[in-house]
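Below is one structure, written out as structure tokens; comments come after it.
Laboratory data are not the source of any read-out in this text; all were calculated from the coordinates shown. Keep in mind the model is a prediction, meaning the values are calculated, not measured. Cβ placement follows ideal geometry from the backbone for every residue including glycine, while neighbour counts extend to all protein chains displayed.
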Amino acid sequence: MPCTLITGSASGIGAAARQALLAAGHTVIGVDLRNAEITGDLSSAEGRKAVIAEALARCGGTLDGLVLCAGLGVQTKPVSLVASVNYFGAVELLDALLPALQQGVNPAAVVISSVASALLPWDKNPLAAACEAGDEAKVNAIVNAAGEQGGNLAYSGSKNALTVAVRRRAAAWGKAGVRLNTVAPGATETPLLQAGLQDPRYSESIKNFVAPIARRADPSEMASVIAFLMSPQASFVHGAQFYVDGGVDAVMRPTQF
Ligand SMILES: NC(=O)c1ccc[n+]([C@@H]2O[C@H](COP(=O)([O-])OP(=O)(O)OC[C@H]3O[C@@H](n4cnc5c(N)ncnc54)[C@H](O)[C@@H]3O)[C@@H](O)[C@H]2O)c1
């Protein structure tokens, strides 16, 4: 029975991924702020260290799967938490848990990025260099200095850097025998999306962000793609970003892929 760690397992896409992977026969170790096997806070270096230690203790040093869903939206206060959770709360777990995944059977990892990762391209992303250098204090200082634009910058910038971080690891993880991919969801009906819709600073732009498939996704529509990427059916899928966005990226960037 594959053993899979899921962050953000208590809500939204992470909770749906949990259901899908349980149905596919996985044993799941959930990580979240509450209602999880491991209660922990991925927004600080100490919190991440504690989660990693508990995860390794629970799985006995061997993991077959890793699904990183924990994330915060544009409306989050303080805004500096966004990059801390979305970028550092994912990348530090990837690097720390690779040795455990290497011990697993058909090991795979899926990182939940966002269609927003393409809104702020790497060469225009003010957070890119500091993220890649692992300089969390600098990332947070840039975001804090952005004023009203801080939420969008923190969200799109951290998700762009996250997708790049995954792609940069494709060579090493391939060599290590662990598949690693991202899913880039479009607007999905979760508490994170609802919180953005309820914030007057962001509600209009979120409402206007309508996919060619003229509706928002249900979290189960992300979970089915995650379950596929985690399964042996995806055995040659590696280093890819799957847009599960109802066609938004195709419309936004028809000539770039
Ligand atoms: N919902 C959307 O429209 C949408 C679109 C694109 C990408 N995403 C991404 O999908 C992922 C899941 O989001 P969701 O929409 O399911 O949101 P959600 O709020 O329903 O779930 C996110 C989970 O992450 C957990 N989390 C937040 N901060 C944490 C911390 N410091 N430590 C540990 N856990 C923490 C929350 O407690 C929550 O259970 C996020 O990375 C989000 O950026 C969502």
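Brief remarks on what is shown
- Fluctuation leader among Phe88, Phe242, Phe209 - the chain, Gaussian network, Cα springs under 10 angstrom: Phe209
- Exceeding the 29 Å Cα-Cα cut-off - candidates Lys77/Lys207; Lys77/Lys124; Lys49/Lys207; Lys77/Lys175: Lys49/Lys207; Lys77/Lys175
- Amide H within-cut-off set for Ile29, under 5 Å, with H built and near neighbours excluded: Thr4, Leu5, Ile6
- Highest-MSF residue in the chain out of Thr182, Thr39, Thr163 [GNM, Cα springs under 10 Å]: Thr39
- With Cα atoms, 0 to 90° folded angle of helix 89-102 axis to the chain main axis: 20
- Among Cys59, Cys69, a tally of other beta-carbon atoms within 10 Å of each Cβ gives an order, fewest to most, of Cys59, Cys69.
- Helix 150-168 axis, angle to the chain major axis (alpha carbon atoms, nearest 10°): 40
- Sum of -39500 (n - 2.57) over DSSP H runs of 4+, divided by residues of the chain (222 nm, nearest 500): -13000 deg cm²/dmol
- Neighbour-count order for Ser113, Ser44, Ser156, fewest beta carbons within 10 angstrom listed first: Ser44, Ser156, Ser113
- GNM on the chain, alpha-carbon springs under 10 angstrom: the most fluctuating residue among Tyr243, Tyr87, Tyr155 is Tyr243.
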